[in-house]
Structure formats: structure tokens, C-alpha cells
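Note sheet for the following structure.
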Amino acid sequence: NWDERGAAKFVQKNKNLHTGKEEEIVIKRSVKDFKFGKTLGFGSYSTVILATDKNTSKNFAVKVLDKRHIIKEKKVKYVNIEKNTLNRLGSRNGIIHLFFTFQDESSLYFVLDYASNGELLNLIKKYGSLNEETTKYYSAQILDAIKFMHDNGVIHRDLKPENILLNKDLKIQITDFGTAKLLEKDSVGNYPLDTRAKSFVGTAEYVSPELLNEKSIGKPCDIWAFGCIIFQMIAGKPPFKATNEYLTFQKIIKLQYAFTAGFPMVIRDLIKKILVLNPKDRINIKGIQNHLFFDSINFNNNNNNDNNQYD
Ligand code: ATP
């Protein structure tokens with residue numbers, strides 16, 4: 001018994017002796033269910049390894065976290081945020097899927113979708129920059145995934161080309177939810193518009209001016225980073241980049257960036273509407289979807305589950 005992505009779900013049917021009813025028991029997965037292969041990469045407190053499910057022969061990326069190291073480095077909070085966020089977002093195109101988690105004495109294991117085409121950053125580096133059509137192809141998918149996260153009360157806070165992985169079909173899969181903000185619904189069932197950040201998270205080049213100025217985090221932070229990513233796909237480098245973090249922050253709060261020669265006019269127009277210092281004046285997702293740049297894209301806003309219309 002396995003789901004559509006090939007992850008075996010060991011379900012045993014048992015008769016409950018008290019109620020007489022048949023119940024399904026999901027049998028816990030363990031390290032023994034996987035054959036481990038090459039190392040895909042290293043994080044600051046994790047190793048990601050290619051692993052094959054022995055029952056279905058499907059490949060997964062297994063993130064292995066060393067318990068002692070996580071505790072020593074005080075990263076328990078981030079590991080829990082990553083797990084809780086991925087569980088909240090579930091199985092959806094555009095977001096890396098967490099199938100199961102398990103642990104042994106020394107490590108925690110996150111069994112994730114295997115993104116065989118690596119990071120979007122490496123694609124940009126390989127070609128130097130991307131053309132208008134390719135930029136549209138990837139950015140429409142990224143926008144769609146951001147909308148899904150925001151509709152579910154998740155602010156990513158660290159969107160950048162390194163955290164956008166590509167699967168075998170060259171579809172994007174957003175990853176690295178360790179610094180995400182999970183919003184809680186208010187008494188009438190709405191997510192708050194913004195909240196306060198206790199500490200700086202994210203990456204200097206993609207951080208929003210409102211986080212630097214007011215420690216405010218809201219959905220517009222991710223939109224700002226999205227603008228930086230589109231810029232980088234066309235220009236080959238992010239709009240705000242200096243020799244150190246302090247100087248990068250200065251450029252951001254002064255809105256000091258310049259388009260490279262040949263930067264398409266229609267994308268310049270969109271970027272100018274995204275890279276707006278006041279988050280209240282920044283274009284929102286609906287506005288971006290309706291922008292001329294995405295004229296040929298059919299965003300299917302009613303479907304939060306699976307197939308999107310942007311192929
Ligand atoms: P840090 O934790 O320091 O922010 P990170 O987020 O890159 O780093 P990991 O998420 O552990 O850390 O990823 C380590 C490496 O493994 C990354 O370089 C990434 O390219 C690769 N990787 C991570 N997840 C997958 C995946 N699902 N499929 C393929 N490769 C992956």
C-alpha cells in the first residue's frame with residue numbers, strides 16, 4: 001500500500017477486540033526500510049543522503065540530523081519548526097514533501113522528496129542568467145507556491161535561489177523551512193497581517209527593508225525576496241549585494257539597485273512594483289499574477305491541492 005509518490009505506507013488491518021471494528025495501524029518506518037546511497041549535500045547541522053525505499057524502489061532525499069549536535073548548537077527549535085511547517089503544508093506541487101520522520105539513538109531522519117535537478121542557484125550559475133521565458137516558467141511556479149504557503153499561514157522568511165530545488169521534471173520545490181514563521185489564526189479565523197521578529201533570520205541579500213527597519217515580518221517579506229529572485233534570474237546576481245552584510249543592508253534600506261543592460265522592460269516594471277520600501281505599498285500576489293509579465297500564465301487560484309495550470 002503506497003501513496004501516489006511511491007512512499008510505502010505500511011498499513012495493517014487489525015480487528016479491535018473491544019469494539020469489533022476493523023482498524024488501520026500505520027507501521028512506523030525506520031532506517032532499515034531504506035538503502036542509503038550518495039551524499040547530496042551538507043547543511044550547517046545536517047547531511048542529506050539519497051536513499052531508496054526497499055519496498056518501492058523509489059528515491060528519496062533523507063535529511064539526517066545529529067541529535068547531540070542539534071542540542072549543543074541550540075537548534076532544536078528550528079528542527080521542530082521545519083517539521084511542523086512541512087506537516088502543515090502537506091503534499092503539494094511547489095513545496096518539498098516530508099513523507100515521514102523517524103529517529104534512532106543518534107539521529108533524526110526526515111524523508112523528503114528527492115529533487116534530482118538540484119538548486120535553482122546552480123542553474124542560474126551554469127548559464128550566467130536565464131532568459132525571459134525561462135524566468136517566467138520558474139517565477140510563476142515560485143509565486144504559486146508562495147501563495148499556497150501564505151494561504152496556509154506560513155511565511156518562509158528565507159526565500160532565495162539556494163532554497164528552491166528542481167525535481168526530475170524541472171518543477172520547483174521550495175525547501176528549508178527551518179526559519180519559517182507559522183502564523184496562528186485569530187478569534188475570527190484569520191491569519192494576522194504581520195508580526196514582530198524576535199531575531200534576525202534570513203539571508204542578507206534577500207532580506208526586506210521592513211525587517212531591517214521595524215523588525216516587522218509579514219507576507220510582503222516573501223514578496224520582496226521573490227522580486228530579488230526574479231531580478232537574479234535575469235541579471236545573474238541579486239539586486240542588493242555588497243562586500244559585507246552591513247553595506248548590503250544599507251543598499252536595501254536606501255533602495256539602491258540598478259538594472260543591467262538589456263533587462264526586459266516588462267520585468268523592470270514588475271520589479272519596480274515589488275521592490276517598494278513600504279510593505280503596504282508593495283504589490284501583492286494578486287497584483288503580480290495580473291501583471292503583464294504573467295499574461296500568458298493561467299494561475300489556477302481555486303485549486304490548492306495538486307495540479308497547477310502553469311506548465
Ligand atoms: P543550512 O541548514 O545551513 O541552511 P541547507 O538548508 O542547505 O543549509 P540542508 O537542507 O540540510 O541544508 O541541505 C543540504 C544540501 O542538500 C543542500 O545543498 C541541498 O542542495 C541538498 N538537498 C537538500 N534537500 C534536498 C532534496 N530534497 N533533494 C535533493 N537535494 C537536497
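Points to keep in mind about this one:
- Any hit, segment 16-35, residues being of a type outside the set (A, V, I, L, M), at pLDDT 90 or above and assigned to a strand (DSSP E or B): yes
- Filter pass, Pro209 being touching a residue at least 24 places away in the same chain (Cβ under 8 Å) and either under 28 Å from Asn300 (Cα atoms) or of a type in the set (A, V, I, L, M) (or both): no
- Residue within segment 159-167 that is touching a Cys at 6+ places or on another chain (Cβ under 9 Å) and either within 16 Å of the ligand (Cβ to nearest atom) or modelled with pLDDT of 95 or more (or both) present: yes
- Residue in segment 28-44 that is under 12 Å from Phe110 (Cβ atoms) and of a type in the set (Val, Ile, Thr) present: no
- Scanning segment 70-90 for residues that are out of contact with any Phe, Trp or Tyr (no Cβ under 8 Å at 6 or more places or on another chain), farther than 18 Å from Ile174 by Cα and among the basic types (Lys, Arg) yields Lys72, Lys74, Lys77.
- Options Ser139, Ser129, Ser116: the member that is more than 11 Å from the ligand (Cβ to nearest atom), not aliphatic (A, V, I, L, M) and not in a helix (DSSP H, G or I): Ser129
- Hits in segment 142-181 - residues which are touching a Leu at 6+ places or on another chain (Cβ under 8 Å), assigned to a loop (DSSP other than H, G, I, E, B) and of a type in the set (Asp, Glu): none
- Considering residues of segment 43-63 that are surrounded by 18 or more Cβ atoms within 10 Å (Cβ to Cβ) and farther than 19 Å from Glu119 by Cβ only, the residue modelled with the lowest pLDDT: Asp53
- Helices (runs of 4 or more DSSP H) enclosed by segment 207-263 - at least 1 residues per element that are among the aromatic types (Phe, Trp, Tyr): 219-235, 245-253
- Residue match in segment 235-243 (condition: under 21 Å from the mean Cα position of the chain (by Cα) and closer than 30 Å to Asn87 by Cα): no
- Within segment 40-66, the set of residues being within 8 Å of the ligand (Cβ to nearest atom) and polar (S, T, N, Q) comprises Ser44, Ser46, Thr47.
- The one condition from (1) of a type outside the set (S, T, N, Q); (2) closer than 23 Å to Ile49 by Cα; (3) surrounded by fewer than 16 Cβ atoms within 10 Å (Cβ to Cβ); (4) touching a residue at least 24 places away in the same chain (Cβ under 8 Å) that Phe110 does not meet is (3).
- Failed criterion for Asn122 (all others in (1) surrounded by fewer than 18 Cβ atoms within 10 Å (Cβ to Cβ); (2) in contact (Cβ under 8 Å) with a residue 40 or more places away in the chain hold): (2)
- Residues satisfying the stated conditions in segment 67-106, i.e. under 11 Å from Tyr45 (Cα atoms) and either touching a strand residue (DSSP E or B) at 6+ places or on another chain (Cβ under 6 Å) or assigned to a helix (DSSP H, G or I) (or both): Lys67, Arg68, His69, Ile70, Ile71, Lys72, Val76, Tyr78, Val79
- Matching residues in segment 257-276 - criterion: being surrounded by fewer than 16 Cβ atoms within 10 Å (Cβ to Cβ) and in contact with a Pro (Cβ under 9 Å, 6 or more places away or on another chain): Ala258
The values are calculated or read from the model by the stated rules, or taken from the named source; none is laboratory data. The model shown is predicted, which means the values in this text are computed figures rather than measured ones. Every residue, glycine among them, receives a Cβ derived from its backbone with ideal geometry; neighbour counts consider all protein chains shown.
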